[in-house]
1. So how many residues does the range 76-96 have that are open to solvent by 10 Å² or more (accessible area, probe 1.4 Å) and within 22 Å of residue 260 (Cβ to Cβ)?
2. Out of 110, 20, I need the residue that is under 23 Å from residue 265 (Cα atoms), open to solvent by less than 10 Å² (accessible area, probe 1.4 Å) and β-branched (Val, Ile, Thr). Which one?
3. Being modelled with pLDDT of 95 or more, part of a helix (DSSP H, G or I), of a type outside the set (Lys, Arg) and out of contact with any Leu (no Cβ under 6 Å at 6 or more places or on another chain) is the filter here, so list the residues in the range 279-301 that pass it.
4. Does at least one position in the range 329-338 carry a residue that is in a helix (DSSP H, G or I), charged (D, E, K, R) and in contact with a Phe, Trp or Tyr (Cβ under 8 Å, 6 or more places away or on another chain)?
5. Looking only at the range 317-347, count how many residues are among the aliphatic types (A, V, I, L, M), within 16 Å of residue 120 (Cβ to Cβ) and open to solvent by 10 Å² or more (accessible area, probe 1.4 Å).
6. Can you tell me which of (1) under 22 Å from residue 141 (Cα atoms); (2) open to solvent by 40 Å² or more (accessible area, probe 1.4 Å); (3) not basic (Lys, Arg) is the one residue 166 doesn't meet?
7. Answer with yes or no whether residue 47 is open to solvent by 40 Å² or more (accessible area, probe 1.4 Å), among the β-branched types (Val, Ile, Thr) and at pLDDT 95 or above.
8. Identify, please: which residue in the range 39-88 is among the β-branched types (Val, Ile, Thr) and more than 14 Å from residue 17 (Cα to Cα) and is, among those, farthest from the chain's Cα centre (by Cα)?
Amino acid sequence: RRTVRKSLADGDTDMATMIVSSLAVSDAQQQELSRWRERIFAAEEEVSVFELAKCVADPLTFVAMTIFSRHKLPDFFGIGYERMKELCVALNAGYSDENHFHNRMHAADVTYAMHLFVVHSGMVESHGLEPVHLLAIFFATLVHDLGHPGVTNAFLVNSSSPLALTYNDRSVLENFHVSEAFKLMQQPQYNIFRALEAEHLRELRSLVIKMVLATDMAEHFGQVTELVSTAPSATSSPERHPVALEKDRLMAIMVHTADISHPFRHLQAHVEWSYRVRDEFLAQGDIERQLGLPVMPMFDRDQYKGEEQYATQQIGFIQAIVKPLLEALCAHFPLLRPRMEPLLERTLDHWAHVRDHGGGHVPDPLPPKT
């Protein structure tokens, strides 16, 4: 099948070189950015977007272009540097810096996490992923929280927000994010899919929608059950071998895993993300109290009791949510286990130490907005 209409392909596809040369203001910075590019190309597990942000002002664009280049997507789909740059400008603008957690840094981080999974899982080979699948995967992670208002689906539903009314209370944010993303694609200066044949564009759109909708935490336990019930087993006879998950469903669950992957990645980055999500939740609780809405304990500033309680909550979240998902995913992709599971255990050890010994490791929450 022909994938790309060559007449619509861009020519400036050498993104990996162009992004370094455009951002570097000195030979020393060019060398540093080149090292970061190589680390991303190698898919190092402990790359931190917070560390990257110390040497590049726009981590999202750098991560996006470097990962697209690593997987040869610009050449294959005729995606030019200038068009990709314009899209990244729009994505950066679409993520609010007012959000402590759901912001452009998070989008870059989740995209990098998905890159780790793709490179180290063997999924491309074992499941026959084609370039259109990879383009859908990385576009989905870049846009998966686009336009996020900094509050949860439950808040939007309980407050009868216009978004909840538009999407009938179902995966409100996720439907909104993917809708906003494809609205951008209607504008030629952002449309990195312009050269795709119509058949492939329909396939890509369907995949992106499935993957972004899969990031709804309401789907989490069902996804874990799916992975567990379909996991291949070395001891299963052919007659009793579980039915394999469809490729697009595995990709969608993997995107959800990437979305909550920071506990089994760079430790200090995880700790920073945990503070950020805490502060975003507490800010939502402040709004809920002002509106007379019910406030869940994790969102209630008055019930925050300091680092011992906080560390206990982190352990609970990891043990109940993150660890079962990672273990179930590793049953499908055993190559991930030796890379990811030790990092998760290290994180649990960290929070156990904070819980048991204290010592002022956890900063106080940010104060309420006035």
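The values are calculated or read from the model by the stated rules, or taken from the named source; none is laboratory data. Not measured: the values here are computed from a predicted model. When we count neighbours, we look across all protein chains shown, and the Cβ atoms used for this are built from the backbone with ideal geometry, even at glycine. Surface areas here come from the heavy atoms of the whole protein model, side chains and all, with no ligands, DNA or RNA. Shrake-Rupley method; radii C 1.70, N 1.55, O 1.52, S 1.80 Å.
1. Residues in the range 76-96 being open to solvent by 10 Å² or more (accessible area, probe 1.4 Å) and within 22 Å of residue 260 (Cβ to Cβ): 2 in total.
2. Criteria check complete, one pass: 110.
3. Those that are modelled with pLDDT of 95 or more, part of a helix (DSSP H, G or I), of a type outside the set (Lys, Arg) and out of contact with any Leu (no Cβ under 6 Å at 6 or more places or on another chain): 280, 281, 282, 283, 284, 285, 286, 287, 288, 290, 291, 299.
4. Scanning the range 329-338, I find no residue that is in a helix (DSSP H, G or I), charged (D, E, K, R) and in contact with a Phe, Trp or Tyr (Cβ under 8 Å, 6 or more places away or on another chain), so the answer is no.
5. Selection size over the range 317-347: 3.
6. (1)
7. So residue 47 does not fit the description; no.
8. 79
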